[in-house]
Amino acid sequence: MMTFKEYQKLARKPAIYPKIGRNFIYPLLGLAEETGEVFEKLKKLFRDRKGKTDKNFLNLIELELGDILWYLANLCSELGINLEKVAKKNIEKLEIERKETK
C-alpha cells in the first residue's frame, strides 16, 4: 500500500505549472476547481438520478477525488508541508473531538 509520503513524492513528477516550487496559488486554484467538479457531479446525481449511484458513477467520483488528492499533495509540497503529517494530525484531532463529545 502506498503511503501519503510516497504519494506526495510521486505527485511532483507530473507537476507542470508556472514557477513550480514557488507557487502555491496554482495548486490551490486546482484544488478548488476539482472540488467544485465533485460537487457538480453529486448535484447532478440527485437531480438526474434521485441520488442512486452505480459502478460507473462511483468510478467517476473516484477519479475526481484523485485529482483533489493530487492538488492537495502539490499544495502541501509548495508550502513545505508533509502530507502524511497532515493526515496523521487530522486523525489525532478527530479522535480528541470524538472523545470530547462523549
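Computed from the coordinates by the stated procedures, all read-outs in this text should not be read as laboratory data. Everything quoted here is computed from the prediction, not taken from an experiment. Quick reminder, even Gly has a Cβ in these numbers, built from the backbone with ideal geometry, and neighbours come from all protein chains shown.
What is the calculated FRET efficiency for residue 58 to residue 85, with r their C-beta to C-beta distance and R₀ = 30 Å, to the nearest 0.05?
Between residue 58 and residue 85 the formula returns 0.55.
Using the Cβ atoms and a cut-off under 15 Å, what net charge is assigned to the surroundings of residue 85, where Lys and Arg are +1 and Asp and Glu are -1?
After counting each charged neighbour, the total is +2.
If I model a spin label at residue 98 and residue 20 as a point 7 Å from the Cα along the Cα→Cβ vector, what separation in nanometres do I get?
Going by the 7 Å Cα→Cβ label model, 3.8 nm.
Mind jotting down the three principal axis lengths of the chain based on Cα atoms? Whole angstrom, largest first.
44, 43, 27
Would you list, by chain and number, the lysines whose Cα falls below 26 Å from the Cα of residue 89, excluding same-chain residues fewer than 8 positions away?
Result set, ordered by chain and number: 5, 9, 13, 99, 102.
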